[in-house]
Amino acid sequence: MVNLRRKVKKFFREFLLYHNSSLEYRAKILTLVVAVNEKITSCEEELLKKVACDIYNQDEERSEILVDTVKEYFDKIITNNGLDFEHLIFDVEKETKAVKRFAKKIDIESLLLFQECIDDEEDRVYQSRVIDFLKDLKERYE
C-alpha cells in the first residue's frame, strides 16, 4: 500500500505537491553531488535522508519524496535514460538564472557533508568542483 502511494505521488508530483518546482530543483542539486561516483552509497543515502528532513523540518512525507526524486534523477543519469550529468548541470544553471530565489536553496554546508562519504580521492576532487560550481551559482544569482 505504501509503495502504491509513493508511485501515485511520483506520477502526479507536479499536481499534488505544493512548490513542486522547488522540490525538483533541490533534488537536482542533491543529485549532482551524489552522482559524482556513479553510485549512491549507504553513507550518502543516510545523509540524503537527514538533509531532506532538515530541509522540510521533519515533514517525513515531503522528505521521502525529495529522496525518491533524487534517486529517480540518479537512475536516469546512470541508465542514460534521457538525462546525463552535463545536462543536469545545464538545467540547474538555467533554472537558477531564471528563478533567482532558487539560489537560496543551495545549502553549501549540507552539500559539503557528502564529502565524508567519498573514499576515492579523484571522486572527492570532482565532487568538490561540483560544489564549487554550485557555490558560484549561489553567489552569482542570490
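Below are the figures for this structure:
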item: Residues being under 15 Å from the mean Cα position of the chain (by Cα) and not in a helix (DSSP H, G or I) - total across the range 98-130; result: 2
item: Checking Phe133 against (1) under 15 Å from Ser22 (Cα atoms); (2) under 15 Å from the mean Cα position of the chain (by Cα); (3) of a type outside the set (Ser, Thr, Tyr), the condition it does not meet; result: (1)
item: Matching residues, the range 16-68, being among the basic types (Lys, Arg) and either crowded, with 18+ Cβ neighbours inside 10 Å or part of a helix (DSSP H, G or I) (or both); result: Arg26, Lys28, Lys49, Lys50, Arg62
item: Count of the range 74-133 residues which are among the polar types (S, T, N, Q), open to solvent by less than 70 Å² (accessible area, probe 1.4 Å) and either at pLDDT below 95 or farther than 14 Å from Val33 by Cα (or both); result: 1
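Residue by residue, here is whether (1) of a type outside the set (Phe, Trp, Tyr); (2) closer than 16 Å to Asp107 by Cα holds:
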site	(1), (2)
Lys49	yes, yes
Asp54	yes, yes
Asp59	yes, no
Glu64	yes, no
Phe74	no, no
Ile77	yes, no
Asn80	yes, no
His87	yes, no
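The values are calculated or read from the model by the stated rules, or taken from the named source; none is laboratory data. Treat the numbers as computed from the prediction; the structure is a model and nothing was measured. Neighbour counts are summed over all protein chains in view; Cβ atoms, including those assigned to glycine, are modelled from backbone coordinates with ideal geometry. All accessible areas refer to the heavy atoms of the entire protein, side chains included, with ligands and DNA or RNA removed. Shrake-Rupley method; radii C 1.70, N 1.55, O 1.52, S 1.80 Å.
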